[in-house]
Amino acid sequence: MSIAVRNAAGKIVMESVIETKANMILEFIDGLRGDVHVTLEEGTWSAWLYDLLKPHVTELVVCDPRRNALLKEGNQNDRVDARKLAELLQNNQLRPVYHGDHGLRTLKELVRSYLTISKDLSRVMTRVKAIYRSWGIPCSGTQVYSARHRAEWLGKIREPGVRRRAEHYYQQLDALRLLRLEVRKDLLAESKKHQVWKRLRQIPCVGPIRAAVLLALCRPRTASAPIDSCGRTAG
């Protein structure tokens, strides 16, 4: 990871490239004097880095890379981007998008699980229909997925190897359905612990799962912050 350090006067006083390991990152941060203000862009490691660095710095801002117009200007590489981020932080031009756990870490992970499993389920359903279509067997609608009509549908496939492949897909389909039901149950139980979820449910056309996803992905800064008609929070 590339690091650029600016002093209070805005001058670059240190630049470094270090390995992304906890001990090396903390050693670098602990070597800095005075009040340390840090920013990093939202990404795969942002949650881990936030939890790692928060106790060791004065301020920590995880920012939205899509809103950093300065990064799109001129040459682009990790070293230049680190310099520009430091400048934006010093000028208070960054918009934070992540503020730590605040009791929502479990909900966020359950939402990720639910969405991932749902995508996997959709892919398997597509594969099931693709088998029938490849052999000229019409399969519109959802009856082709039904366990009650499964033997009837499999009987339409004359080739033993293809039929066996379809059976494997059905087994995968059944397993994912059960798993999604289990995750859905856990997700709803966790969602009901949060008052904001109950308020989101009052919005027309927002069901329990959608409200959970909104809460996890668009977390308000405080539980008491008012929600406008677009699901945003004030303040």
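Structure data summary
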item	result
FRET efficiency, E27 to S140 (Cβ-Cβ, R0 45 Å, nearest 0.05)	0.15
Extended-chain gain in nm, criterion 0.36 nm per residue less alpha-carbon gap, A147 and R133	3.1 nm
Candidate values (1) 27; (2) 48; (3) 19, label of the one derived for percent of Cα pairs over 31 Å apart	(2)
Distance violations [Cα-Cα > 24 Å] among K54/K84; K129/K185; K108/K185	K129/K185
1.4 Å probe accessible area per residue over the chain, in Å²	63 Å²
Label-zone membership for segment 32-53, site D78, 7 angstrom Cα→C-beta point, backbone N under 14 Å	41, 45
Most fluctuating residue given options G141, G103, G43, as computed from a GNM of the chain linking Cα atoms under 10 Å	G141
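The values are calculated or read from the model by the stated rules, or taken from the named source; none is laboratory data. Computed from a predicted structure; not experimentally measured. Please note: Cβ atoms are built from the backbone with ideal geometry, for glycine as well, and neighbour counts cover all protein chains shown. With ligands, DNA and RNA removed, areas are computed over all heavy atoms of the protein, side chains included. Shrake-Rupley method; radii C 1.70, N 1.55, O 1.52, S 1.80 Å.
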